[in-house]
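A.B. asks: One structure coming up, written as structure tokens, with questions to follow.
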Amino acid sequence: MIDPLALVNEVSPDEINKLLAERHMHEFIHQCWPTIEPGRKFHDNWHIQSICEHLEAVVMGDLRRLIINIPPRHMKSLTCDVAFPTWAWIHKPELQFLFASYAGALSTRDSVKCRRLINSPWYQKNWGDKFQLTGDQNQKQRFENTKNGHRISTSVGGALTGEGGDIIVIDDPHNVKEAESENIRLSTLEWWDTAVQSRLNDPTTGAFVVIMQRVHQTDLTGHILANQQAEDPWTHLCVPAEYEEKHPTPFFTALPTATDQVDPRITEGELLWPQRFTEKALGTLKTALGTYASAGQLQQRPSPKGGGILKSDWWRKWEADTIPEFIYVLQSWDTAFSERSTASYSACTTWGVFNYGSRYHIMLIHRFRDRIAYPELRRTVRELYEEWSPDAVLIEKKASGQSIIQELQQAIPILAYSPDRDKVARAHAASPLLEGGIVWHPDRKWANEVIEHCAMFPAGDGADIVDTVTQALLRLRKMWYAVPSEDETELEPPPEREDTIYNEVNVLPMKRKAIYG
């Protein structure tokens, strides 16, 4: 009878290590580290193991749509771009990979490291019998193996005609220095929509992996999650540099076999990778990045906690079932021309002024936001005016707004608005009204979205909504309806109104529709 223990004793340590590396990608990284990063110490951490287990599931066909949001310098490229395909080819050398980054040089760098790992004595000793790289296609940006597998590197926006893959990996699709440029950011999203999604060899079995740091509300992560289909959902692995119990995207894994089902951190502010990024090092990085970049790149939410200029905590929720009687109603518009999916939105917010205690207060009572062509925009302006009967309609004199003013000013009490400062300056000027506790909102999803857009500003894609909010609040403050409490004792009597649309009935209580929209 054969003794199993004797067989185990006959297996060499090298063979055991080989079997462990084959079975677990995390162990594979441990063992290949001296080859890909010679002279550098490997600092292991739970997030590396979690990423590895998710990538293993992609190779095995259990995951087909994966987003990983992680801070910079936390081993995302070495894990996903270098170790991932080399480990996958041990099991399935026929897999074809397509990699893309915002810069072609970055894709090439990782492709070279990947090829060097495959050609290393360590890899060849263990798995040289699985496949070999072919001589006719062995370049920096593209190499193939003898089992029909390949690894192609390209850049975001690069031509993909004729190219494809079983697994497509997008690593850092946005240049953080250009993320605030709407045109550049939208061109990346258009490249994803029109070029990348048709590049899977088999759409029914192929997989996408997107790994990146958040840089904007409508970066590629935001775009994908906002447009994902219920029948084809994405797994979202979000790992902030500092633990937040109430992070808007809590750590989540859909893998029943994953080692880390939840973020193991329990203390607010606990560091993700203290062996590499100490509190001091992270503090230095946060100072260099600034508030908004730190929120996106380190914390994976593209707005500071609690908001930036227009903080979410400053809004007051109206708990009653009905809205109050308004003594004045104002509509505020930010208009655009186009209905294209990448065009700017046209937006409108409606506000009511009411007496609360001994002061005037303001309530957000309706929001409209859509991409619409000019004829529909003109019709919508009239419809919302008829629905809410505002005392005035505030429209900025720019682009389609100028046309709306010219066409409708005889039928609608329009106030043409010409801002005397930029968007950020207007937000700062309006912020005391919010901070003063006189701005309310109904408990509705659309109202929470307005608040979120304001909190993310100047990051995010809600500049149109924020424009309607700030110009409305500044207008109401100018009319004396919206006065922060700390200013009340210092202000002189209200100035004469320069508009002709007002009359005495405007300051009498009027019953408005109790509609939250």
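A.B. asks: If you put +1 on each Lys and Arg Cβ and -1 on each Asp and Glu Cβ, how big is the dipole of the chain around its Cα centre, in Debye rounded to 20? Mind showing how you got there, number by number?
C.D. replies: Working: 55 positive and 70 negative charges, 181 e Å.
That gives a dipole near 860 debye.
A.B. asks: I would also like to ask the following. Could you work out [θ]222 nm for the chain from helices alone, using -39500 (n - 2.57) per DSSP H run of at least four and dividing by all its residues? Round to the nearest 500 deg cm²/dmol.
C.D. replies: Values: 15 runs with 170 residues, N = 517.
Only helices count here, giving -10000 deg cm²/dmol.
A.B. asks: As a quick test, which of the pairs LYS286/LYS423; LYS286/LYS445; LYS18/LYS92; LYS317/LYS398 have an alpha carbon distance above 28 angstrom in this structure? Intermediate values should be presented prior to the final figure.
C.D. replies: Values: LYS286/LYS423 25 Å; LYS286/LYS445 32 Å; LYS18/LYS92 16 Å; LYS317/LYS398 33 Å.
Table pairs above 28 Å Cα-Cα are LYS286/LYS445; LYS317/LYS398.
A.B. asks: By count of other Cβ within 10 Å, fewest leading, how are THR267, THR335 ordered?
C.D. replies: THR267, THR335
A.B. asks: I've got another one for you. How would you rank CYS454, CYS52, going from fewest to most other Cβ atoms within 10 Å of each one's own Cβ?
C.D. replies: Values: CYS454 27, CYS52 23.
So the residues, fewest neighbours to most, are CYS52, CYS454.
A.B. asks: Now a separate question. Between segment 365-381 and segment 33-88, how many Å separate their Cα centres?
C.D. replies: When both Cα centres are located, 46 Å separates them.
A.B. asks: Using DSSP, restrict attention to beta bridges with both residues in the chain and report what percent are antiparallel, rounded to the nearest 5. Don't jump to the answer; show the numbers that get you there.
C.D. replies: On the way: 26 of 64 bridges.
Restricted to the chain, the bridges split so that about 40 percent are antiparallel.
A.B. asks: Could you give the radius of gyration (one decimal) and Dmax (whole number) of the Cα atoms in the chain, in Å?
C.D. replies: When restricted to the Cα atoms of the chain, Rg and Dmax are 28.4, 106 Å.
A.B. asks: Right, here's the next one. How much length is gained if the chain between GLU270 and ASN201 is pulled fully straight, taking 0.36 nm per residue apart and subtracting their Cα-Cα distance, in nm to one decimal? Display every interim value, and only then the final one.
C.D. replies: Working: separation 69, 0.36 × 69 = 24.84 nm, distance 4.21 nm.
Working it through step by step, the gained length comes to 20.6 nm.
A.B. asks: Take ASP14 and SER120, extend 7 Å from each Cα along the Cα→Cβ direction, and tell me the distance between the two endpoints in nm.
C.D. replies: 1.6
A.B. asks: Near the amide H of GLU396, under 5 Å away, which other amide H atoms are found, from residues 5 or more places off or on another chain, if H is placed in the peptide plane?
C.D. replies: Distant-sequence amide H within range of GLU396: TRP333, THR335, TYR417.
A.B. asks: If I take R0 = 45 Å and measure r between the Cβ atoms of ALA281 and ASP129 in this structure, what FRET efficiency does the formula 1/(1 + (r/R0)^6) give, to the nearest 0.05?
C.D. replies: Values: r = 43 Å, r/R0 = 0.97.
Using R0 = 45 Å, I get an efficiency of 0.55.
A.B. asks: Return the long-range amide H neighbours of VAL210 (sequence gap of 5 or more, or a different chain), with a cut-off of under 5 Å between placed amide H atoms.
C.D. replies: The answer is LEU66, ILE67, ILE68, ILE170.
A.B. asks: Which order results if TRP333, TRP192 are arranged by neighbouring Cβ count within 10 Å, fewest first?
C.D. replies: Going from least to most buried by this count: TRP192, TRP333.
A.B. asks: Still on this structure: By Kyte-Doolittle mean hydropathy of at least -0.5 and Cα axial length of at least 27 Å, which whole DSSP H helices of the chain are selected? Walk me through the intermediate numbers first.
C.D. replies: Working: long enough: none.
Helices meeting the span and hydropathy rule in the chain: none at all.
A.B. asks: So if R0 is 25 Å, what FRET efficiency would ASN183 and GLN229 give, r being the distance between their Cβ atoms, rounded to the nearest 0.05?
C.D. replies: On the way: r = 27 Å, r/R0 = 1.09.
Efficiency, from the Cβ-Cβ distance: 0.35.
A.B. asks: Can you tell me the order of 201-210, 78-87, 106-115 when each peptide is scored by its average per-residue count of other Cβ atoms within 10 angstrom, highest first?
C.D. replies: On the way: 201-210: 15.7, 78-87: 24.1, 106-115: 20.2.
Going from most to least packed, we get 78-87, 106-115, 201-210.
A.B. asks: Can you give the FRET efficiency for ALA411 and TRP446, using 1/(1 + (r/R0)^6), R0 = 30 Å, r = Cβ-Cβ distance, to the nearest 0.05? Before the final figure, lay out each step's value.
C.D. replies: Working: r = 27 Å, r/R0 = 0.91.
That gives a FRET efficiency of 0.65.
A.B. asks: What is the packing order of peptides 140-153, 308-321, taking the mean over residues of other C-beta atoms within 10 Å and listing the highest first? Present the calculation step by step, with values, prior to reporting the outcome.
C.D. replies: Working: 140-153: 18.8, 308-321: 15.9.
Peptide ranking by packing, descending: 140-153, 308-321.
A.B. asks: On to the next question. Could you check the spin-label model distance between LYS92 and LYS147? Points 7 Å from the Cα along Cα→Cβ, value in nm.
C.D. replies: Each label point is offset 7 Å from its Cα along the Cβ direction, giving 1.1 nm.
A.B. asks: Treat each spin label as a single point 7 Å out from the Cα along the C-beta direction, and report the GLU376 to ASP422 distance in nm.
C.D. replies: Between GLU376 and ASP422, the label points sit 3.3 nm apart.
A.B. asks: While we're here: Taking +1 at the Cβ of each Lys and Arg and -1 at the Cβ of each Asp and Glu, which of PRO93, MET456, ILE327 sits farthest along the dipole of the chain towards its positive end, judged by Cα position relative to the Cα centre?
C.D. replies: Comparing the listed Cα positions along the dipole, PRO93 ranks first.
Bear in mind these aren't lab numbers, they're just calculated from the coordinates by the rules spelled out. Everything quoted here is computed from the prediction, not taken from an experiment. For neighbour counting, all protein chains shown are included, and Cβ atoms are generated from backbone atoms with ideal geometry for every residue, glycine included.
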